[in-house]
Amino acid sequence: MTSAVTIPRHGGTGGRTAVAARARQVVKAYGAGETRVVALDHVDVDIARGQFTAIMGPSGSGKSTLMHCLAGLDTVTSGQIYLDETEITGLKDKKLTQLRRDRIGFIFQAYNLLPTLNALENITLPMDIAGRKPDKGWLEQVVETVGLSSRLKHRPNQLSGGQQQRVAVARALAARPEIIFGDEPTGNLDSRAGAEVLGFLRRSVDDLGQTIVMVTHDPVAASYADRVLYLADGRIVDEMFKPTADTVLDRMKDFDARGRTS
Ligand SMILES: Nc1ncnc2c1ncn2[C@@H]1O[C@H](COP(=O)(O)OP(=O)(O)O)[C@@H](O)[C@H]1O
Ligand SMILES: [Mg+2]
């Protein structure tokens, strides 16, 4: 007999379904008439819980749109998005805001830290706003994993870009969201700082059971993921499991070559 109490919230599926998020026949169109752009064209995708998924594809292929729709930051034109068992398409604004606050974490390319708060205050800010007390043990584990223990009293302008992004990652993790989304979270970092952040995201999946979806155009960044989804013209056209930087790069060259001859 397993008791619900002994099932960790992270690691395993914690009593939740094995699919953290789903898109079903999702269409997202911008504009109307001659200026209508179909950014997502009947997309079906399952995001596995406890996995690190990368989304790749040429500029304008719909990567950010897909991520924003999955994260409930943008509405869909038609189709459904589910977070675990909850259909988020069709939720009213207030419920959606609540769901985003309580169940989803975000890492933005521009860090989005508050300059007047120190690192620790930035990390706990979303929970402070939500009126939730951070779990002290968990917070310590997150801070230690990100390697920020000695920097907690520093303000953003006293931290390097890599450290600031690690604060943003810790902020996303601290509230123990079901899923974390990042749109090119290492896009503003040099390769060393980027590797630090990616290594940490990887460990949060391996050690903490986190689910992560990351948009990137960088084959090295994608190689930290368990699975890469390739978008083109608003459709998922391919996927790769256990990617390496070389296999991802080869696949990209392949797409480019096909693009040129078609
Ligand atoms: N707010 C918007 N208004 C009109 N068109 C948009 C808007 N956002 C994105 N698009 C269009 O949707 C398509 C997909 O964009 P996006 O998801 O940002 O692509 P990616 O992130 O892969 O570069 C592009 O053709 C883009 O021009
Ligand atoms: Mg984008």
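Miscellaneous remarks
- Cβ-Cβ distance of Lys136 and Asp207, R₀ of 22 Å, FRET efficiency by 1/(1 + (r/R0)^6): the value works out to about 0.75.
- Highest mobility in the GNM of the chain, judged by mean-square fluctuation with C-alpha springs under 10 Å and restricted to Leu173, Leu125, Leu91, is found for Leu91.
- What the phi angles of segment 238-247 give under the Karplus curve with 6.51, -1.76 and 1.60, with θ = phi - 60°, is a coupling list of 6, 8, 9, 9, 6, x, 10, 4, 5, 5 Hz, glycine and proline written as x.
- Exposed trypsin sites (Lys or Arg not before Pro) absent: longest stretch of the chain, with sites in DSSP loops and at most 12 other Cβ within 10 Å deemed exposed: 154-262
- Taken over segment 66-186, the alpha-carbon convex hull comes to 110 cubic angstrom per residue.
- With the simple spin-label model, which puts each label point 7 Å out from Cα in the Cβ direction, the Ala195 to Gln109 separation comes to 2.3 nm.
- Proximal lysines relative to Lys153, as straight alpha-carbon distance under 24 Å, when same-chain residues fewer than 8 apart are discounted: Lys133, Lys136
- Only Lys, Arg (+1) and Asp, Glu (-1) charged, at Cβ; the chain dipole about Cα centre in debye: 660
- Rg and Dmax of the chain, based on Cα coordinates, read 18.5, 61 Å.
- Dipole in debye (nearest 20) - segment 97-227, about Cα centre, beta carbon charges: Lys, Arg +1; Asp, Glu -1: 360
- GNM result for the chain, Cα springs below 10 Å: residue of Asp41, Asp190, Asp206 fluctuating most strongly: Asp190
- Rounded tilt (10° steps) of 119-130 against the dominant C-alpha axis of the chain: 80
- For Lys63, the lysines whose Cα comes closer than 24 Å to its Cα, not counting residues fewer than 8 places off in the same chain, are Lys28, Lys242, Lys253.
- Cα lying deepest toward the dipole's positive end in the chain, options Leu73, Gly131, Asn157, charges on Cβ: Gly131
- Debye log10 I(q)/I(0) for segment 154-262, one point scatterer per Cα, at q = 0.23, 0.24 Å⁻¹: -1.32, -1.39
- Against the chain, whose longest principal axis comes from its Cα atoms, helix 191-208 is set at around 80 degrees.
No value in this document is a laboratory result; all are computed from the given coordinates. For clarity, every value in this text was computed on a predicted model and none was experimentally measured. Methodologically, a virtual Cβ is constructed for each residue, glycine included, from the backbone with ideal geometry; neighbour enumeration extends over all protein chains shown.
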